[in-house]
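Engineer: Please see the structure below; I have some questions.
A short reminder: the numbers here are calculations on the coordinates, not readings from a lab. This is a predicted model, so every value here is computed, not measured. Every residue, glycine among them, receives a Cβ derived from its backbone with ideal geometry; neighbour counts consider all protein chains shown.
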Amino acid sequence: MPTRVAIHSSVGRIFPPERLQSLLSAFDVDVTDDVDGYDGVVSFGHEPEFLEAGVEWIHVVRAGYDEFPLDALRERGIRLTNSNGIHGDSVGETALGFMLQFARRLHRYRSNQTEGIWDPPAWDETFTLDGESVCVVGLGTLGLGIARRADALGMDVTGVRRTPTPVEHVAEVYTSDRLRAAISDARFVALTVPLTDATAGLVGAEELDAMREDAYLVNVARGGVVDQSALVDALDSGSIAGAGLDVFEEEPLPSDSPLWEMENVVVTPHAAAATVDYADRIAALVEENIRRREAGESLTNLVV
Ligand code: NAD
C-alpha cells in the first residue's frame, strides 16, 4: 500500500504547504489539517489530534521537537522523525552574520541610517573576527556549521559537548560539566544545544557573569536554554557586550521586552534557518522516509 501523507497547514509558517506537495507529487500527498486516514503527517509542531487520528508517523519540519509529547507518542506506537541535519549552513551563516555585525559594527550603522546619521566608530570600537575566539556550545549540525565557518574566517574555535571526543574545526573540546571554564575566555559564545531538561536555563546569571565583559552571546538554539531575565540584566549592566538572539523564552518576543530597545542586541524572528530551498530539504527527508517505510526499513532522523 502506498504511504498516504498529510501536509499540515502549520508548515506554512516556514514555506507554502503546496510547495512541498508539488515537490512530493510522485507520492500520495495532500495538504490538509484533517489527518484521519493518513499514514503520516508533516507538521511544523505538535497538534493534539495527531494522537487520536491513527497516523503512524509524524515528521516535524524543524530540528527541535521539545514540545512533542514523546511518552504519549511511544505509548501509541507513533513514530516521530525530525529535520535534523539540514540547518548547518543557514544557521551557520546567520550566526557568523551576528558575529560579523558586532565586530564590524554594521548593526549600528544600519540603525543610524534610518535617521540619516553619519557616525564613524571610535578608534577602538571595531575589530576583526580573524584572531578572535568563539566557544560553540553543542557540537551537532548547527555547532559544526558555525565551527567550520568560524575556523575559515581565522577564529580560534573551542566547543562544548557531552563527551570530549575531538571535533574537526574545533581546537579544544570541553565537556558539559566545564561549561563555565569553556565560555570564560571566549569573545563569542554560540549556543547550539537542543532544549532538554539538562539544557533548560543552561546559561544563567553565573554563566553570564563568567563571560568576558567584551563578550557577545549568540543564541540560535532555543530561548529556554538561556535565563532571559538574567541576560537582560547582564546586557543592562554591561557585564557582557551584546547579544545576537534568534530565539526567545516567549515567541514572538513581546513588544514590551527590553531586548527590543537595546543598542547592543540584534533580534531576529526565529529565522536563522530560513532559506528559499527549505521545502526542498524537507521533501528529500520525507521522500527518503516514505521509501524506507514502504521497504520496511527503519526511518531516518527517528526521534521515537
Ligand atoms: P543536533 O542534534 O545535530 O545537535 C545538537 C547537539 O547538542 C548534539 O551533538 C548533542 O549531543 C548536543 N548536546 C545535547 N545536550 C548537550 C549538553 N547538555 N551539552 C553539550 N552538548 C549537548 O541538532 P542541531 O540541528 O544542531 O540543532 C540543535 C538545536 O538548535 C535544535 O534542537 C533546535 O532546538 C535548535 N535549532 C534552531 C534553529 C533556528 O531556526 N534558530 C534551527 C535548527 C535548530
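Engineer: What is the fewest-to-most order of 302, 217, 80 by other Cβ atoms lying within 10 Å of their Cβ? Each step should come with its number before you reach the end.
Structural biologist: Values: 302 13, 217 26, 80 21.
Result, fewest neighbours first: 302, 80, 217.
Engineer: Something else now. Considering all projection directions equally, how large on average is the shadow of the alpha-carbon convex hull of region 16-75, in square nanometres? Before the final figure, lay out each step's value.
Structural biologist: On the way: hull surface 17.5 nm².
Result: 4.4 nm².
Engineer: Taking the Cα atoms of region 187-296, report the difference between the largest and smallest coordinate on each principal axis, in whole Å and largest first.
Structural biologist: Principal-axis extents of region 187-296 (Cα, largest first): 58, 28, 25 Å.
Engineer: While we're on this one: Restricting to Cα pairs below 8 Å that are 6+ residues apart, what does the relative contact order work out to for the chain? Please round to a whole percent. Working shown, then result.
Structural biologist: Working: 569 pairs, mean separation 48.8, N = 304.
Relative CO of the chain lands at 16 percent.
Engineer: If you place +1 on the Cβ of every Lys and Arg, -1 on the Cβ of every Asp and Glu, and leave all else neutral, what size is the dipole of the chain about its Cα centre, to the nearest 20 Debye? Mind showing how you got there, number by number?
Structural biologist: Working: 24 positive and 51 negative charges, 178 e Å.
With only Lys, Arg, Asp and Glu charged at Cβ, the dipole is about 860 debye.
Engineer: Would you kindly derive the ³J(HN,Hα) couplings of region 288-293 from the backbone phi angles with the Karplus curve 6.51 cos²θ - 1.76 cosθ + 1.60 (θ = phi - 60°), listing them in order in whole Hz, with x for Gly and Pro?
Structural biologist: With coefficients 6.51, -1.76 and 1.60, one gets 4, 6, 5, 4, 5, 4 Hz.
Engineer: Hey, if you put +1 on the Cβ of every Lys and Arg and -1 on every Asp and Glu Cβ in the chain, which of 175, 215, 69 ends up farthest toward the positive end of that dipole?
Structural biologist: 175
Engineer: Can you tally the net charge around residue 293? Count Lys and Arg as +1, Asp and Glu as -1, for every other residue whose Cβ sits under 15 Å from the Cβ of residue 293.
Structural biologist: Numbers: positive: 4, 79, 291, 292; negative: 28, 39, 56, 287, 288, 294, 297.
Here the charged neighbours net out to -3.
Engineer: Counting chymotrypsin sites (Phe, Trp or Tyr not before Pro) as exposed when in a DSSP loop with at most 15 other beta carbons within 10 Å, what is the longest stretch of the chain free of them? Mind dumping the intermediate values first?
Structural biologist: Numbers: sites that count: 118, 123, 127.
My reading of the result: 128-304 is the longest stretch.
Engineer: Taking the chain as a Gaussian network, where each spring joins two C-alpha atoms under 10 Å apart, which residue of 30, 277, 39 fluctuates the most?
Structural biologist: Maximum among the listed residues: 277.
Engineer: Please list the non-local residues whose amide H lies under 5 Å from the amide H of residue 133, H modeled 1.01 Å from N, same-chain partners needing a gap of 5 or more.
Structural biologist: 156, 187, 188
Engineer: Right, next: Please work out the C-alpha center-to-center distance from region 233-300 to region 64-113 and express it in whole Å.
Structural biologist: 3
Engineer: Find out how many positive minus negative residues lie around residue 280, taking Lys and Arg as positive, Asp and Glu as negative, among other residues whose Cβ is under 11 Å from that of residue 280.
Structural biologist: Values: positive: 19, 281; negative: 277, 287.
Once positives and negatives cancel, what remains is 0.
Engineer: Please compute the Kirkwood hydrodynamic radius of region 88-267 from all pairs of different C-alpha atoms, in Å with one decimal.
Structural biologist: Details: mean 1/r = 0.0612 Å⁻¹.
Evaluated on region 88-267, it is 16.3 Å.
Engineer: In nm, give the distance between the simple-model label positions of residue 295 and residue 197, each being 7 Å from the Cα along the Cα-to-Cβ direction.
Structural biologist: 3.7
Engineer: Residues with amide H under 5 Å of residue 4's amide H, sequence separation 5 or more or different chain, H placed in the peptide plane at 1.01 Å from N; which?
Structural biologist: 39, 40
Engineer: Identify, among 120, 2, 37, the residue whose Cα sits farthest towards the positive end of the charge dipole of the chain, taking +1 on the Cβ of Lys and Arg and -1 on the Cβ of Asp and Glu, with the dipole about the Cα centre.
Structural biologist: The residue sitting farthest along the positive end of the dipole is 2.
Engineer: What are the residues whose amide H is under 5 Å from the amide H of residue 218, where those residues sit 5 or more places off or on another chain and H is modelled from the backbone?
Structural biologist: 189, 190, 191, 244
Engineer: Give, rounded to the nearest 20 debye, the magnitude of the charge dipole that region 1-83 has about its Cα centre when Lys and Arg contribute +1 at Cβ and Asp and Glu contribute -1 at Cβ. Present the calculation step by step, with values, prior to reporting the outcome.
Structural biologist: Working: 7 positive and 15 negative charges, 80 e Å.
The calculated dipole for region 1-83 is roughly 380 debye.
Engineer: A further question on this structure: How large is ³J(HN,Hα) for each residue in region 61-73, as worked out from phi by the Karplus curve 6.51 cos²θ - 1.76 cosθ + 1.60 (θ = phi - 60°), to whole Hz, x for Gly and Pro?
Structural biologist: 7, 10, 6, x, 9, 5, 8, 7, x, 4, 5, 5, 5
Engineer: From the mean inverse distance of alpha carbon pairs (Kirkwood) and the Cα radius of gyration, derive Rg over Rh for the chain.
Structural biologist: Values: Rg = 20.9 Å, Rh = 20.7 Å.
That ratio equals 1.01.
Engineer: Would you kindly derive the ³J(HN,Hα) couplings of region 103-115 from the backbone phi angles with the Karplus curve 6.51 cos²θ - 1.76 cosθ + 1.60 (θ = phi - 60°), listing them in order in whole Hz, with x for Gly and Pro?
Structural biologist: Karplus values, whole Hz, x for Gly and Pro: 5, 9, 6, 5, 4, 6, 5, 5, 5, 4, 4, 5, 9.
Engineer: How big is the dipole moment of region 88-267 about its Cα centre under a simple scheme where the beta carbon of each Lys and Arg is +1, that of each Asp and Glu is -1, and everything else is neutral? Debye, nearest 20, please. Before the final figure, lay out each step's value.
Structural biologist: On the way: 13 positive and 30 negative charges, 123 e Å.
Its charge dipole is roughly 580 debye.
Engineer: For a quick check, take a GNM of the chain with Cα springs below 10 Å and name the residue from 249, 132, 294 with the largest mean-square fluctuation.
Structural biologist: Largest GNM mean-square fluctuation: 294.
Engineer: To continue, here is another question. Can you give the net charge of the other residues whose Cβ lies under 14 Å from the Cβ of residue 269, counting K and R as +1 and D and E as -1? Intermediate results must be reported in sequence, preceding the final value.
Structural biologist: Values: positive: 13; negative: 246, 250, 251.
After counting each charged neighbour, the total is -2.
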